[in-house]
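Colleague: Submitted below is the structure of interest, expressed as structure tokens.
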């Protein structure tokens, strides 16, 4: 397991060793996942200051420098589907964008090229080389989704923005290794107890809190999630707390 930024001059998102995946945390709900075959996908990158809240996390990289092949968006709120991130990225790189209709409509209205936009609904699956991505339920907006990403022989569940709901527990049969838990307890997100309950039910190995560190108006202490997970030792899960810009390799 490793974390931290790569040395100067190396790729921002380098390939992990065989049989491993790399996760780069962008802050808020933004992550980049890299497979051992060097397929790179981003989920919910927010690399601007367009949201009218007080940004306190650094911008990890410029949108046009985001070295990814595909971007998946969970819903149309602007800290998840951000035209100020997506359009510059689209103009500078041959990136395909995926998400529910609401997200695609936002990008289309911002001038996105139609041939770069791909609608994906709850229950749909897409195969991208060695990486499989399935859109799953998220209890937030009418068509919001989370994503289960299979890469390097492992499975990562990005919850998207979601409150706790029965549908989330249906994923218990998916053998999820890592859960990225939308955590804050405000604005239709899980609180620490709910995220810990879900981690235990899904038998995940690692839980990573997200969506708690970007805005001064919506901060939460990830140590409360650490404590809630430790209070369920039978689950076997552990918590990795990442800062924007951190790289984490699993297993």
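Colleague: Rounded to a whole number, what is D in µm²/s for segment 1-141 from Stokes-Einstein with the Kirkwood radius over alpha-carbon pairs (10 °C, 1.306 mPa s)?
Modeller: For these conditions, the coefficient is 102 µm²/s.
Colleague: Now for a different question. In what sequence do 250, 46 fall when counting other Cβ within 10 Å, fewest first?
Modeller: Ascending Cβ contact count within 10 Å gives the list 250, 46.
Colleague: What would the Debye formula give as log10 I(q)/I(0) at q = 0.11, 0.19, 0.20, 0.29 Å⁻¹ for the alpha-carbon point model of segment 134-196, no solvent?
Modeller: -0.22, -0.66, -0.73, -1.35
Colleague: Where both partners of a DSSP beta bridge lie in the chain, what percent of those bridges are antiparallel, to the nearest 5?
Modeller: 60
Colleague: Of 87, 210, 43, which has the largest mean-square fluctuation in a 10 Å C-alpha GNM of the chain?
Modeller: Fluctuation is largest for 87.
Colleague: What does DSSP give for segment 81-224 in terms of the percent of beta bridges that are antiparallel, rounded to the nearest 5? Numbers along the way, then the final one.
Modeller: On the way: 16 of 28 bridges.
Once the DSSP bridges in segment 81-224 are tallied, antiparallel ones form about 55 percent.
Colleague: Could you grab the relative contact order for the chain? Cα pairs under 8 Å, six or more apart, rounded to a whole percent.
Modeller: For the chain, the relative contact order is 20 percent.
Colleague: Sticking with this one: Over every pair of different alpha-carbon atoms in segment 89-201, take the mean of 1/r and invert it; report that Kirkwood radius in Å.
Modeller: Numbers: mean 1/r = 0.0662 Å⁻¹.
Computed over Cα pairs of segment 89-201, the Kirkwood hydrodynamic radius comes out at 15.1 Å.
Colleague: Using the reciprocal of the averaged 1/r over all distinct C-alpha pairs, how large is the Kirkwood radius of segment 163-211 in Å?
Modeller: Roughly 10.7 Å, rounded to one decimal.
Colleague: Hey, could you get me the Stokes-Einstein D for the chain, Kirkwood radius over alpha-carbon pairs, 25 °C and 0.890 mPa s, rounded to whole µm² s⁻¹?
Modeller: Answer, rounded: 138 µm²/s.
The numbers here are math on the coordinates, done by the rules we state, and not lab data. Please read these numbers as outputs of a predicted model, since none were measured by experiment. A quick note on method: Cβ atoms are made from the backbone with ideal geometry, for glycine too, and the neighbour counts reach across all protein chains shown.
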